[in-house]
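Read the structure below first, then the notes.
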Amino acid sequence: MKTEKLAKELKKKKIGKKYCLITDSTVEKLYGTKLLRDLRKNGVKADMASFPAGEKHKTLESIEQLASQLSQKGFNRKDAVIALGGGVVGDVGGFLAAIYMRGIPCIQIPTTLLAMADSSVGGKTGINIPEGKNMIGTITRPKLIVTEVDFLKTLPKKHIRNGLAEIIKCAVIADKKLFKFIEQNMQKILSLDKKTLTYIIKRAVAIKSEIVKQDEKEKNLRMILNYGHSYGHALERLSDYKLLHGHAISIGMVLANKMAVEKGILKKSEAERIKNLLIAAGLPVSTMKRLPLKEIIGDKKNEGGHINFILPTSIGSVTIHKEKCP
């Protein structure tokens, strides 16, 4: 979908009287300026506010600066935010929309594989603080999600691999057929075959959407979407967010699998199969040392003196395991 076609689509939806494009410094140059121009060209009132690209800037400081810009530009409760970008932009734009004037509509336009297949779906937003990732946030569903696979053509290969980690995660927790499909079609995926990418994105979104539908506020079932994340978030934090999210989750899945094998709930052969798929995707599968539980206690999944680990019992099935904090 070209930005002009996208602009015409947004004009039809009439979600807000005017829109503020929230994006980062990278996507602003790639798509933001052009989409803003096309919106205005099609008679849609629009403006733009951006912040520096990168997980390190997913902070309350960025939110405050963006909120000030919205206020200065005259945005009110009848207007809407368009989050245009990857997972970080989706989190920042979604959180900003959820709290600005106690909530205005948000439209998500993901531009990375990670955002298309995972972070734009389900309504979760999160902001980082020194104590941990996504420690402050909301669960507020966007009014609209627009996914266009062609955006991936400008995405560096490492970010294709980064997003693939979350799709593999979905396959492990709920869809062994998707897992096998990825095994058999890795080359097509990495070469950006549109039909293949569309299929795996749709399947990942369907899996997540069904889980969220059953447990929107993460009381129980939705926790399984955090497979690999307890270790993964700790690794991101310890790397000062230099480690990409999908790369951290890949390592986190391998560590979770190791725990599952040690506890006798996952066959070693299944753990190896998952690890081999991550390797085939070009994702990291090891860290310098195994993280002790004390490194994970700061994560928001620490509840009542226990840490929730999502452990696979086989490819396509997982269980929630509670580990007592030391």
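The values are calculated or read from the model by the stated rules, or taken from the named source; none is laboratory data. Note that this is a predicted model, so its numbers are computed, not measured. Backbone-built Cβ (ideal geometry, glycine too); neighbour counts: all protein chains shown. Only protein heavy atoms, including side chains, enter the accessible area calculation; ligands, DNA and RNA are left aside. Shrake-Rupley method; radii C 1.70, N 1.55, O 1.52, S 1.80 Å.
Can you report the number of residues in region 48-87 which are touching a Leu at 6+ places or on another chain (Cβ under 8 Å), within 23 Å of Glu9 (Cβ to Cβ) and surrounded by fewer than 18 Cβ atoms within 10 Å (Cβ to Cβ)?
Selection size over region 48-87: 0.
Failed condition for Phe151, given (1) of a type outside the set (A, V, I, L, M); (2) more than 22 Å from Glu236 (Cα to Cα); (3) within 15 Å of the chain's Cα centre (by Cα), with all others met?
(3)
Of the conditions (1) assigned to a helix (DSSP H, G or I); (2) at pLDDT below 90, Met1 satisfies every one except a single condition; which number is it?
For Met1, the exception is condition (1).
Okay, residues lined up against (1) part of a helix (DSSP H, G or I); (2) in contact with a strand residue (DSSP E or B) (Cβ under 6 Å, 6 or more places away or on another chain); (3) buried (at least 21 other Cβ atoms within 10 Å of the Cβ); (4) not polar (S, T, N, Q):
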| residue | (1), (2), (3), (4) |
| --- | --- |
| Ile109 | no, yes, yes, yes |
| Asp118 | yes, no, yes, yes |
| Phe151 | yes, no, yes, yes |
| Asn162 | yes, no, yes, no |
| Ile167 | yes, no, yes, yes |
| Lys177 | yes, no, no, yes |
| Lys180 | yes, no, no, yes |
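Kindly establish whether Leu192 is outside any helix (DSSP H, G or I) and either of a type outside the set (Lys, Arg) or closer than 22 Å to His321 by Cα (or both).
Answer is yes for this residue.
List every residue pair whose Cβ atoms lie under 8 Å apart, where the two residues are 6 or more positions apart in sequence or sit on different chains, the first residue falls within region 145-170 and is more than 24 Å from Gly252 (Cβ to Cβ), and the second residue, located anywhere, is β-branched (Val, Ile, Thr) and surrounded by fewer than 19 Cβ atoms within 10 Å (Cβ to Cβ).
Val149/Thr198
Scan region 261-290 and report the pairs whose first residue is in contact (Cβ under 8 Å) with a residue 40 or more places away in the chain and whose second residue is among the aromatic types (Phe, Trp, Tyr), with Cβ atoms within less than 9 Å and a gap of 6+ or a chain change.
Close Cβ pairs (under 9 Å, with a partner that is among the aromatic types (Phe, Trp, Tyr)) amount to Arg273/Phe179; Ile274/Phe179; Leu277/Phe179; Thr287/Tyr231.
Please state which of the following conditions Lys17 fails to meet, knowing it meets all the rest: (1) charged (D, E, K, R); (2) part of a helix (DSSP H, G or I); (3) open to solvent by 70 Å² or more (accessible area, probe 1.4 Å).
(2)
If you check every pair at least six apart or on different chains, which have Cβ atoms under 8 Å apart with a residue in region 52-64 that is touching a residue at least 24 places away in the same chain (Cβ under 8 Å) and more than 18 Å from Ala98 (Cα to Cα) first and a residue that is acidic (Asp, Glu) and loosely packed, with under 13 Cβ neighbours inside 10 Å second?
Correct list of pairs: Lys56/Asp240.
Name, by its number, the condition in (1) open to solvent by 10 Å² or more (accessible area, probe 1.4 Å); (2) touching a residue at least 40 places away in the same chain (Cβ under 8 Å) that does not hold for Gly123.
For Gly123, the exception is condition (1).
I'd like to verify a number: residues in region 229-275 that are touching a Pro at 6+ places or on another chain (Cβ under 7 Å) and either under 16 Å from Lys56 (Cβ atoms) or among the aliphatic types (A, V, I, L, M) (or both), how many?
Residues that pass the stated criteria total 4.
For residues in region 195-215 being at pLDDT below 95 and over 16 Å from the mean Cα position of the chain (by Cα), which is least open to solvent (accessible area, probe 1.4 Å)?
The qualifying residue least open to solvent (accessible area, probe 1.4 Å) is Asp215.
Inspect region 93-101 for any residue being more than 22 Å from Glu28 (Cβ to Cβ), free of Cβ contacts under 8 Å to residues at least 24 places away in the same chain and open to solvent by 20 Å² or more (accessible area, probe 1.4 Å) and give the result as yes or no.
Taking every residue of region 93-101 in turn, none turns out to be more than 22 Å from Glu28 (Cβ to Cβ), free of Cβ contacts under 8 Å to residues at least 24 places away in the same chain and open to solvent by 20 Å² or more (accessible area, probe 1.4 Å).
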